[in-house]
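Below is one structure, written out as structure tokens; the observations come after it.
Throughout, read-outs are computed from the coordinates displayed, never taken from laboratory work. Remember, it's a predicted structure, so these values are computed and weren't measured experimentally. Heads up, the Cβs are rebuilt from the backbone with ideal geometry, glycines too, and the neighbour counts pull from every protein chain shown.
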Amino acid sequence: MNRTAKQLIYGGFYLAILTAFFMLVYLTVSEPVPGCLNGKQDEAEEGVDCGDVCSSVCLPVNLRPVAVQSVLGFSATPGTLQVLAKVQNPNTTLAARTFDYRFDLIGRDGKIAASSPGTGFIYAGEVKYMVAFADDHDTKDIARVDLKVQNPVWEKGERFAKPRFDIQDRRVEASETTITITGRLVHRDTVDMPKVTVIAILQSAGGRPLGISQTELDNVVTGEVRPFAVVHPAIGGVDPSKTELVVSARRP
């Protein structure tokens, strides 16, 4: 073996030793990177492949689904169906940043006459209203309305907290043709809201819903006081003092 070949062999040997030494030092002083798909609870994770550094939140064993408490359908004007649903998130520490839903209009023959799908959200421990409007249908054609909620994407409640709003100077005025609810929305949260929905629920003296309407306010900035108006066709039996206003906004 000539001298050059020996130098190459010895050089490669020493290079391998140095490489192994530096790799050992690196692995010793550097923090391990958790694998969020390795089926193990790494040091920085709160559970197996979940929590903290992983995108998925750790779900408790007693996790409960979003519950549909009630679904009401009524025709405030002929040929239109208004749907008012009340849903509840019984989990007080987890919010659903998004979920899929579908309103099914069930005809008198028991078949689905129409469906209205969409995506929604609900905050931790929240009881909220969901509304839908269907043209070319009314209560004479529809036996009931079903609501299905599925595929929630869960998030820690503190990371997806319900925004804070106040309503001031609320007034309800009725004429022969319309019922108009006006007021001022006060945005008391620290984050600007791309869209805020104000829902008006018209009720009888006994608190039975008779009609719903809503308006949307775009780009409501923190600290802003924004006037709004919700208009509904005039209907009989409404007690203006029982009108309920609900504010809904999805935190960015």
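Take the chain, connect every pair of alpha-carbon atoms lying under 10 Å apart with a spring to form a Gaussian network, then pick out the residue of L84, L37, L217 with the largest mean-square fluctuation. Most flexible of the set in this elastic network: L37. Put +1 on the Cβ of every Lys and Arg and -1 on every Asp and Glu Cβ in the chain; which of C54, I106, S248 then has its Cα farthest towards the positive end of the dipole? Highest projection toward the positive end goes to C54. Under the classification rounded if a/c is under 1.5, otherwise prolate if a/b is larger than b/c and oblate if not, where does the stretch 30-119 fall, given a ≥ b ≥ c as square roots of the Cα gyration tensor eigenvalues? Since a/c reaches 1.5 and a/b is larger than b/c, the shape of the stretch 30-119 is classed as prolate.
Oblate is the label for the stretch 77-197, because a/c, from the alpha-carbon gyration tensor with a ≥ b ≥ c as root eigenvalues, is 1.5 or above and a/b does not exceed b/c. Across the stretch 74-146, the relative contact order, built from alpha-carbon pairs under 8 Å that are at least six residues apart, equals 45 percent.
Cross-link reach is defined here as a Cα-Cα straight distance under 30 Å, omitting same-chain residues fewer than 8 places apart; for K156 the lysines meeting it are K40, K86, K128, K148, K195.
GNM, the chain, Cα, under 10 Å: largest mean-square fluctuation among G125, G79, G206? Among G125, G79, G206, the largest mean-square fluctuation in the Gaussian network model of the chain belongs to G206. The overall shape of the stretch 131-182, judged from the alpha-carbon gyration tensor, is oblate: a/c is not under 1.5, and a/b is no greater than b/c. Comparing I212, I106, I199 in a Gaussian network model of the chain, where Cα atoms under 10 Å apart are tied by springs, the biggest mean-square fluctuation is seen for I106. Return the label of the correct value of mean projected area of the Cα convex hull in nm², as calculated from the structure shown, out of [x] 20.8; [y] 23.3; [z] 16.6. This structure yields the entry labelled [y].
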